[in-house]
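Read the structure below first, then the notes.
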Amino acid sequence: MENPIRVLQVLGTTDLGGAESRTMDLYRNMDRERVQFDFAVHTGQKGYFDEEIESLGGHIYRLPKFRVYNWRAYREAWKTFFAEHPGYACVHGHMTSTACIYLPVAKGAGVPLTVAHARSAGVDGGAKGVATKLLRMSLAERADFCLAASALAGRAVFGQKAWESGRVRVVPNAITAQKYGYCPAVREEMRRHLHLENALVLGHVGRFHPCKNHPFLLEVFAEVQKQRPDSHLLLLGEGAAMEQVKKQAQAAGLSGRVHFLGNRGNVYDYYQAMDCFVFPSFYEGFPGTVLEAQAAGLPCIVADSVTREAGVTDLAEFASLEEGAAAWAKRVLDAAGRPRLGRVKEICAKGYDTGTQAAVMQRFYETGEWE
């Protein structure tokens, strides 16, 4: 090809996050002489991946944030965008809350392939969640293809009818698995860097949002502390709920034991330092962090409200949140003492490696057909 085809990836931001990280993994592994990504985001703030996107040849465009009352203005902004930026081969929408608006606009502007990609199996509470559900009601009919990170996410976003009709295709939430493989030398170095050489280290990676259930996670850790005073909890991620969780940790007397590390580009190194990964989310589409933790050989205690598809290996143990913090603490302590072996080969063999998925998605973007 003389020029690569261009695919517009529609996201909320280009910060570190599940959809953003997985999209960037694909972008890095794509043959960019054949397929090139651009990004449409809904923020005026510079994102974590902005410089890398531009270095890879991508462009970043900023659209107004959708606030329901600006529905008409939001739609007009998209019309203007496609009038000014024609020629896209595909618009791949990861923001399913408003995809029923921008995908039809894209189609009307002549974009041959429109895709809605469900990555979450739940919505925010209150009026925002109600609005999201209403906006998604007709989404399955407004996109050429409906993709989902899991069966649970597919049914939640596109509806049972669309799922049963075969309209929804599950796409493995692939990671660059080799990057997360267990390395004893890195583990030793990271634990020394964190001054946790002889500690029991629990970990969690995820944005500070009510769906992640950080308050329960702290309750579990408090129970672990009773039996293992040498234990520490690493929390990687950022978000609006972080300050509230910090206050909870302080009130529980855990401030010196809970480490708020923010977003880290080398998150794979932090998995090495952990002894157990704890993930008590209320809902998820397919948590890539649980897959990353398994690649690093970590035992994972995961809420059974999360799709079982995340249990790609036997390192993932699912438990009900109704068991309570003490029962979860026992599971964590039992799991943390098991021998540590990475599972990269197993994860790759099951199709969850980015290289494999990049080839699949490249063919899809080029042909407009799902094999």
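Computed over the Cα atoms of segment 164-230, pair by distinct pair, the Kirkwood hydrodynamic radius stands at 15.8 angstrom. Ellipsoid fit via the Cα gyration tensor, segment 1-68: semi-axes of 21, 13, 10 Å, each the root of five times an eigenvalue, largest first. With only the Cα atoms considered, segment 315-371 has a convex hull volume of 119 Å³ per residue. The LYS161 and HIS42 beta-carbon pair, evaluated with R₀ = 35 Å, returns a calculated FRET efficiency of approximately 0.75.
In segment 1-143, inverting the average of 1/r over every pair of distinct C-alpha atoms gives 15.6 Å as the Kirkwood radius.
Highest average first, the peptides 19-32, 236-249, 275-288, 51-64 ordered by how many other beta carbon atoms sit within 10 Å of their residues are 275-288, 19-32, 236-249, 51-64. Convex hull volume of the C-alpha atoms in segment 230-371, normalised per residue: 146 Å³. Note: segment 30-78, Cα convex hull, 88 Å³ per residue.
Given N residues in segment 71-179, what is Rg(Cα) / (2.2 N^0.38 Å)? My calculation over the Cα atoms of segment 71-179 gives 1.11. Since only VAL130, GLY17, TYR74 are under comparison, the one whose Cα sits farthest along the positive direction of the charge dipole of the chain, derived from C-beta charges on Lys, Arg, Asp and Glu, is VAL130. If only the Cβ of Lys and Arg carry +1 and only the Cβ of Asp and Glu carry -1, the dipole of segment 177-349 around its Cα centre is close to 320 debye. For the residues ASN70, ASN263, ASN213, a GNM of the chain with alpha-carbon springs under 10 Å puts the largest fluctuation on ASN70. The magnitude of the dipole of the chain, with charges of +1 and -1 set on the Cβ of Lys/Arg and Asp/Glu and taken from the Cα centre, is near 760 debye.
Listing TRP163, TRP328 from fewest to most neighbouring C-beta atoms within 10 Å gives TRP163, TRP328. Just to be sure I understand: with springs between alpha-carbon atoms less than 10 Å apart, which residue in ALA296, ALA327, ALA310 has the highest mean-square fluctuation in the Gaussian network model of the chain? Per the Cα network of the chain with a 10 Å cutoff, ALA327 tops the list. The helix-only estimate of mean residue ellipticity at 222 nm for the chain, built from DSSP H runs of length n ≥ 4 each weighted as -39500 (n - 2.57), is -11500 deg cm²/dmol after division by the residue total.
Packing-based ranking of 146-154, 77-85 yields 146-154, 77-85, ordered from highest to lowest mean Cβ neighbour count within 10 Å.
Each residue of segment 356-371 was assigned a 3J(HN,Hα) from its phi angle through the Karplus expression (A = 6.51, B = -1.76, C = 1.60, θ = phi - 60°), giving 5, 5, 4, 5, 4, 5, 4, 4, 4, 4, 6, 9, x, 10, 9, 7 Hz with x at Gly and Pro. Altogether, the Stokes-Einstein calculation at 37 °C and 0.692 mPa s, with the Kirkwood radius of segment 199-243 over Cα pairs as Rh, returns a diffusion coefficient of 298 µm²/s. Phi angles across segment 212-223 convert, under the Karplus curve 6.51 cos²θ - 1.76 cosθ + 1.60 with θ = phi - 60°, into 3J(HN,Hα) values of 7, 6, 4, x, 5, 4, 5, 5, 4, 5, 4, 5 Hz, Gly and Pro given as x. For the chain, the percent of C-alpha pairs falling in each 20 Å distance bin, counted from 0 to the bin holding the largest distance, reads 28, 57, 15, 0. Between VAL68 and GLN178, the FRET efficiency estimated from the beta carbon spacing at R0 = 35 angstrom works out to 0.20.
Counting beta carbons within 10 Å around each of TYR48, TYR365 and listing the fewest first gives the order TYR48, TYR365. Each part reduced to its alpha carbon centroid, segment 204-243 and segment 287-325 end up 15 Å apart.
Structural descriptor for the chain: relative contact order 16 percent, calculated from alpha carbon pairs under 8 angstrom and at least 6 residues apart.
Round to the nearest 10 and give me the degree value, 0 to 90, for the angle of helix 18-29's Cα axis relative to the longest principal axis of the chain. Taking the Cα atoms of the chain, the angle to 18-29 is about 70 degrees.
Counted over all Cα-Cα pairs of segment 244-285, pairs farther apart than 13 Å make up 69 percent. Applying 1/(1 + (r/R0)^6) with R0 = 22 Å to the Cβ-Cβ distance of LYS247 and GLU323 gives a FRET efficiency near 0.30.
Since every read-out is calculated from the coordinates, none of them should be taken as a lab result. Only a predicted model underlies this, so the values are computations on that prediction, with no experimental measurement involved. Virtual Cβ from ideal backbone geometry, glycine too; neighbours counted across all protein chains shown.
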